[in-house]
Amino acid sequence: MKIVAARVIVCSPGRNFVTLRVDTDEGVHGLGDATLNGRELAVRSYLCDHVAPLLIGRDPFDIEDLWQLLYKGAYWRRGPVTMSAIAAVDTALWDIKGKALQTPVYNLLGGRSRNGVLVYGHANGASIPETVEAVARYRELGYLAVRAQCGVPGLPTAYGVGRGGLAYEPAEEGLPPEHRWSGEQYLRMVPELFDELRSTFGFDLHLLHDAHHRLTPIEAGWLGKRLEDHRLLWLEDPVPAELQEGYRLIRQHTTTPLAVGEVFNSVYDCTRLITEQLVDYIRATVVHAGGITHLRKIAHLAEPYHVRTGCHGATDLSPVCMAAALHFDISVHNFGIQEYMPHTPETDAVFPHDYHFADGYLHPGDGPGLGVDIDETLAAEYPYRRAYLPVGRKQDATVHSW
Ligand code: GCO
Ligand code: MG
């Protein structure tokens, strides 16, 4: 079998997505997600201008070799643009191999290790009572794990909270909006939120929270300690992870489990965090961390260190990434949990897929390949619209992590 074409489709059915389609001379095609929120066109160019010409004529079954060719052969290594582009190729090749061999991709990854993929949903509200109501709705829908985010008194906008009754979606069209931040006000709100959630729902529900890179290590240590008896499944991204020693400081102060890694793009970003057991969950995902091939290497490194996976699954990762993540999740031994923010009906129509939610779990489906496709005619009705993630600033306007 030979690769005869590699094309990139950019569309915006409610939000922007970049999708790679690889075609073979035997009529089998594969898809890969290459979406990098707010920087989509850089990955499109990397793929179209630099990667696609290298693929033509190659055997799509040589997944490892092609991965190394794109990574080591570029000389310039890592980074979100490069690794999202490599991820898209890798994902498409696994899809092709599954379809060609008439088997779901999870069978190529060692087979199923579990019956379904435990997921967490996103509950949020402008106030604590609204967030409690949102968590109750997720419970009614059958979720067994819920992430809770809440507006912060005194701040007009808050990460993770929807706008004007809309579901939460961080990127906005136009130039980037600026969000104000106050660590003091946030740290007053979060313990009250989880006091309320545990007294309302008890302990038969997994609760999670995302601090979104905004605390200092010592603030995070205090928050983790204050939340210990609420038994969170995890506290996510308490501090920016560029300085990984920061996690050692947090660990000295709290036993609240920590999750990190949605912005990581290679195993080199998390080697220390994993081997020094500074975190409990690693959140790298298929699209931003070099595809299924590289993500498996991260998971395999993590397994003996008791670190479990918790793949990023926000709506800026397309259904193609979600399908690939589910084949990975169901097969890898040290799976922990998968984030799941359902896409809009427009997105689901452009990307028909086999995966489905039932009783708190997602199931990848048992069809050949990844079980996801793209309706290109429909996709063409939704052209790209430039959008940016918000920028964070402190009360005095100093730029801060958003
Ligand atoms: C999450 C993430 C997202 C990111 C988004 C950026 O935990 O789901 O933090 O909400 O902000 O994916 O593009
Ligand atoms: Mg996050």
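Each value in this text was obtained by applying a stated rule to the coordinates, not by laboratory testing. What you see is a predicted model, and the numbers here were worked out from it, not measured in a lab. A quick note on method: Cβ atoms are made from the backbone with ideal geometry, for glycine too, and the neighbour counts reach across all protein chains shown.
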Bounding extents of segment 3-103 in its principal axis frame from Cα atoms, largest first in Å, are 36, 35, 21
Under a Gaussian network model of the chain whose springs join Cα atoms within less than 10 Å, the largest fluctuation of 174, 110, 142 belongs to 174
Over all directions, segment 107-166 yields a Cα convex hull whose mean projected area in nm² is 5.8
Convex hull around the C-alpha positions of segment 110-241: the volume in Å³ per residue is 159
Residue 59 and residue 127 label points (each 7 Å along its Cα→Cβ direction) are spaced in nm at 6.6
Taking alpha-carbon centroids only, segment 254-318 lies from segment 105-130 a number of Å equal to 15
In Å³ per residue, the alpha-carbon convex hull of the chain encloses 132
Among the Cα-Cα pairs of segment 314-387, the proportion with separation greater than 14 Å, in percent, is 63
Low-density loop chymotrypsin sites (Phe, Trp or Tyr not before Pro), segment 114-221, at most 15 other Cβ within 10 Å, DSSP non-H/G/I/E/B, are 203
Per the 1/(1 + (r/R0)^6) rule, R0 = 51 Å and r from the Cβ atoms of residue 231 and residue 380, FRET efficiency to 0.05 is 0.60
For the chain, percent of DSSP beta bridges that are antiparallel (nearest 5) comes out at 50
